[in-house]
Amino acid sequence: MRRAALCLALLASLAACGLKPMYAGGRGGEAARALAGVRVEPIPGKEGWLMRNALNDRLSAMGAGEPRYVLKVQLDDRIAGLGVRADDTVTRERRTLRARYQLVDSGSGETILDETTGWDAGIDVASSEYATVAAEDTALERLTEIVADRVLARVALGARE
């Protein structure tokens with residue numbers, strides 16, 4: 001009997017903690033409505049094209065809305081050699097994609113968010129130059145997807161606040 005009462009008390013306290021899911025309500029929820037009103041500015045370069053497409057794909061899933069916000073993104077894409085053999089050949093690389101993003105209110109021009117996020121990926125350097133370039137491109141595609149998710153999660157939180 002005491003265990004049941006304790007379990008009920010714990011469940012009641014959990015319900016009263018004040019946490020609420022960010023994407024509650026699906027497409028009609030606060031976060032989805034805020035994200036539906038975000039327009040992404042063009043981002044230069046191949047990595048910018050990939051990033052803008054990743055962001056727009058995710059935003060279009062939230063529905064179409066009145067563009068209340070503009071998302072400005074600046075990318076820093078770097079590849080650095082990690083593993084080096086005795087003959088100075090690189091055996092492993094790290095590709096780092098960092099994004100500085102700003103969420104700007106379209107009406108007032110006020111910057112709501114100004115933050116940076118990023119992610120890294122490891123790449124094995126193959127004896128074939130073609131294989132290495134293909135691995136670098138695949139890593140960039142993966143990184144843009146991950147960074148786009150991180151940016152939009154923070155934008156949803158910032159727009160909701």
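The values are calculated or read from the model by the stated rules, or taken from the named source; none is laboratory data. What you are looking at is a predicted structure, and each value in this text was computed from that prediction instead of being measured. A quick note on method: Cβ atoms are made from the backbone with ideal geometry, for glycine too, and the neighbour counts reach across all protein chains shown.
A few notes on this one:
- Taken as a whole, the structure places Met62 among residues that are surrounded by 19 or more Cβ atoms within 10 Å (Cβ to Cβ) and farther than 15 Å from Tyr101 by Cβ.
Listed here are the residues, each with its yes/no results for (1) small (Gly, Ala, Ser); (2) more than 16 Å from the chain's Cα centre (by Cα); (3) surrounded by 13 or more Cβ atoms within 10 Å (Cβ to Cβ).
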{"residue": "Leu103", "(1), (2), (3)": "no, no, yes"}
{"residue": "Gly122", "(1), (2), (3)": "yes, yes, no"}
{"residue": "Thr132", "(1), (2), (3)": "no, yes, yes"}
{"residue": "Ala135", "(1), (2), (3)": "yes, yes, yes"}
{"residue": "Asp149", "(1), (2), (3)": "no, no, yes"}
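- Hey, Val73 at pLDDT 90 or above, of a type in the set (A, V, I, L, M), within 23 Å of Ala121 (Cβ to Cβ) and surrounded by 13 or more Cβ atoms within 10 Å (Cβ to Cβ) or not: yes
- For segment 65-101, taking the residues that are acidic (Asp, Glu) and over 16 Å from Ala34 (Cα atoms), the one that is farthest from the chain's Cα centre (by Cα) is identified as Asp87.
- The set of residues from segment 114-133 being of a type in the set (A, V, I, L, M, F, W, C) and under 18 Å from Met51 (Cα atoms) comprises Trp119, Ala121.
- Strands (runs of 3 or more DSSP E) fully within segment 36-155 that include at least 1 residues being of a type in the set (S, T, N, Q): 69-84, 90-105, 111-124.
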